[in-house]
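Engineer: My questions all concern the structure below.
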Amino acid sequence: MTAQHPTGPARFTGDAHPYAGGDPYADYRTADFPFIHHVDLADRRLGAAVVAANDEFFAPRENLLVPGRAEFDPEHFGHKGKVMDGWETRRRRGASAGHPWPTADDHDWALVRLGAPGVVRGIVVDTAHFRGNYPQAVSIEGTAVPGTPSPEDLLADDVKWTTLVPRTPVGGHAANGFVVAAEQLVTHLRVNQHPDGGIARLRVYGDVVPDPEWLRALGTFDVVALEHGGRVEDASDLFYSPATNTIRPGRSRTMDEGWETRRRRDRDHDWIRYRLAAEARIRAIEIDTAYLKGNAAGWASVSVSGGGAAGDAGSAEDAEWREILPRTRLQPDSNHRFVLPAEAVGTHARVDIHPDGGISRLRLYGSLTEEGAAALRARHQELGG
């Protein structure tokens, strides 16, 4: 059964049908969630990890953050039972033969370290392939603890946890989405399933909020990088892959880890628009086409807007753009480096590729202006950092 709530995404309750063969996703339940344009803060590729769980008898906790959707092999069994692509705990039991059922407070938990600290906007608890063995309900709490705390540190009595998702029934074989309203910095989550069961994937969508002291200590860094608070605002084409790939950590390892557009049949071109970590002075650029060989962009240019005398560009949609790298020939499967003749100050950036194709990474190296650093410090403090 599916219930629609006017204040949030779809809620799925009840068992899914038993697997009857064929495509296991044919009867999978999902919805269009309003927050998935944000970054997945729990992306393993960003550095997220499941650092502890109280039970993982049937399937390991690490599966929660595996990129891509969960897979299902109906014939794959191990010495503990059915092998599932997710986190699955054993069945809870009561205290005695006279009361064999778990109590109302019994639950299993996992501690998740986000890949970058940030503000959580929405969470998806995906129970794909868990049809009769999913949790009855879930709840999720968040906290902000600096450094790299151990599981024991996170479970200490003095750590304050804030409820992000109250205890809520979920459905089996479904993407259960939750809008999060708490406007605060989060570094770790505690995911609770009541009383037991299995979750295939966890996605935590939000905005990265970097530590301003860390960026100050770095001095020069990539001011558009996802881990430093840069983000994609818009792009002309997302047919093959998300534009956010271009600002992920590290180099692409395969073609699909970059950004590739469909083939154009007109006289136009493709582009991505970014918001920088804060107002910054850009001094060098890298455009990487790693693993894009027969489909790399032919030429690329980079522009900035906002900052300095131009002021903050706001949404940057109608901003005045200043070209800082003119249209330049790109080579396939190559990293291109450009030192700018003069610093370029801005709050937003745009890369234009001609006519189509793809790039794997964009790096804009520079440092924050005094105004940018002050704005970042104020934001961090406002969120409780």
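Engineer: Can you work out which of the residues in segment 114-148 that are among the polar types (S, T, N, Q) and not in a strand (DSSP E or B) is nearest to Val170 (Cα to Cα)? Walk me through how you get there before you give the answer.
Structural biologist: So in segment 114-148, the residues among the polar types (S, T, N, Q) come out as 127, 133, 136, 139, 143, 148.
Right, trim to not in a strand (DSSP E or B) and you get 127, 133, 136, 148.
Details: Thr127: 9, Asn133: 12, Gln136: 6, Thr148: 32 Å.
Taking the candidates together, the pick is Gln136.
Engineer: Quick check on this structure: which one of Arg190, Arg216 is farther than 30 Å from Glu371 by Cα, open to solvent by 10 Å² or more (accessible area, probe 1.4 Å) and either charged (D, E, K, R) or touching a helix residue (DSSP H, G or I) at 6+ places or on another chain (Cβ under 8 Å) (or both)?
Structural biologist: Residue meeting the stated conditions: Arg190.
Engineer: With respect to Ala53, determine if the residue is among the small types (Gly, Ala, Ser), open to solvent by less than 30 Å² (accessible area, probe 1.4 Å) and more than 25 Å from Pro249 (Cα to Cα).
Structural biologist: For Ala53, the condition - among the small types (Gly, Ala, Ser), open to solvent by less than 30 Å² (accessible area, probe 1.4 Å) and more than 25 Å from Pro249 (Cα to Cα) - is met.
Engineer: Which one of the conditions (1) touching a Phe, Trp or Tyr at 6+ places or on another chain (Cβ under 8 Å); (2) crowded, with 24+ Cβ neighbours inside 10 Å does Gly346 fail to meet, given that it meets all the rest?
Structural biologist: (1)
Engineer: Step by step: first the residues of segment 56-101, then only those that are in contact (Cβ under 8 Å) with a residue 12 or more places away in the chain and assigned to a strand (DSSP E or B), then the one that is nearest to Asp256 (Cα to Cα). Which residue is that?
Structural biologist: Here the residue is Trp87.
Engineer: In addition: Go through segment 269-319 and give me each residue that's part of a loop (DSSP other than H, G, I, E, B), at negative phi and at pLDDT 95 or above. Working first, answer last.
Structural biologist: Pass one, segment 269-319, residues part of a loop (DSSP other than H, G, I, E, B): 269, 289-298, 306-307, 311-319.
From the residues that got through so far, the ones that are at negative phi too are 269, 289-290, 292-298, 312-313, 315, 317-319.
Passing the criteria: His269, Thr289, Ala290, Leu292, Lys293, Gly294, Asn295, Ala296, Ala297, Gly298.
Engineer: Can you name the residue in segment 223-239 that is open to solvent by 60 Å² or more (accessible area, probe 1.4 Å) and within 13 Å of the chain's Cα centre (by Cα) and is also nearest to His37 (Cα to Cα) among such residues?
Structural biologist: Arg231
Engineer: Still on this structure, please answer the following. Select, from Pro102, Pro60, Pro74, Pro67, the only residue that is of a type outside the set (Asp, Glu), under 30 Å from Val208 (Cα atoms) and at pLDDT below 95.
Structural biologist: Testing whether each residue is of a type outside the set (Asp, Glu), under 30 Å from Val208 (Cα atoms) and at pLDDT below 95 leaves just Pro67.
Engineer: Another question, if that's okay. Would you confirm, using the coordinates I've provided, whether Gly385 is modelled with pLDDT under 95 and either open to solvent by less than 10 Å² (accessible area, probe 1.4 Å) or under 26 Å from Leu218 (Cβ atoms) (or both)?
Structural biologist: yes
Engineer: Quickly run through segment 134-183 and pick out the residues that are within 26 Å of Ala16 (Cα to Cα) and open to solvent by 50 Å² or more (accessible area, probe 1.4 Å).
Structural biologist: Scanning segment 134-183 gives Gln136, Pro166, Arg167, Pro169, Val179.
Engineer: Could you say whether any residue in segment 320-343 is open to solvent by 70 Å² or more (accessible area, probe 1.4 Å), at pLDDT below 95 and either in contact with a strand residue (DSSP E or B) (Cβ under 9 Å, 6 or more places away or on another chain) or closer than 24 Å to Glu227 by Cα (or both)?
Structural biologist: yes
Engineer: Here's something else I'd like to know. Considering Ser305, Ser301, which residue is of a type in the set (S, T, N, Q), touching a Gly at 6+ places or on another chain (Cβ under 8 Å) and open to solvent by less than 30 Å² (accessible area, probe 1.4 Å)?
Structural biologist: Ser305
Engineer: Look at Leu362 and say whether it is in contact with a Pro (Cβ under 9 Å, 6 or more places away or on another chain), in contact (Cβ under 8 Å) with a residue 24 or more places away in the chain and surrounded by 21 or more Cβ atoms within 10 Å (Cβ to Cβ). Step through it out loud before you land on a result.
Structural biologist: Numbers: in contact with a Pro (Cβ under 9 Å, 6 or more places away or on another chain): no; in contact (Cβ under 8 Å) with a residue 24 or more places away in the chain: yes; surrounded by 21 or more Cβ atoms within 10 Å (Cβ to Cβ): yes.
No, not satisfied.
Engineer: What about Asp23, is it under 25 Å from Phe77 (Cα atoms) and either polar (S, T, N, Q) or surrounded by fewer than 19 Cβ atoms within 10 Å (Cβ to Cβ) (or both)?
Structural biologist: Values: under 25 Å from Phe77 (Cα atoms): yes; either polar (S, T, N, Q) or surrounded by fewer than 19 Cβ atoms within 10 Å (Cβ to Cβ) (or both): yes.
The answer is yes for Asp23.
Engineer: Restricting to segment 109-128, give me the number of residues that are farther than 21 Å from Val39 by Cα and open to solvent by 10 Å² or more (accessible area, probe 1.4 Å).
Structural biologist: Number satisfying all stated conditions: 1.
Engineer: Given the condition in contact (Cβ under 8 Å) with a residue 40 or more places away in the chain, more than 20 Å from Ala300 (Cβ to Cβ) and part of a helix (DSSP H, G or I), answer yes or no: does some residue in segment 252-261 qualify?
Structural biologist: No, segment 252-261 has no match at all.
Engineer: Would you pick out the residues in segment 201-222 that are within 16 Å of the chain's Cα centre (by Cα) and not basic (Lys, Arg)?
Structural biologist: Hits for segment 201-222 are Leu202, Val204, Tyr205, Gly206, Asp207, Val208, Val209, Pro210.
The values are calculated or read from the model by the stated rules, or taken from the named source; none is laboratory data. Every value quoted in this text rests on a predicted model; they were computed, and no experiment measured them. Here Cβ is always computed from backbone atoms with ideal geometry, including for glycine, and neighbour counts include all displayed protein chains. Heavy atoms of the whole protein, side chains included, go into the accessibility calculation; ligands, DNA and RNA do not. Shrake-Rupley method; radii C 1.70, N 1.55, O 1.52, S 1.80 Å.
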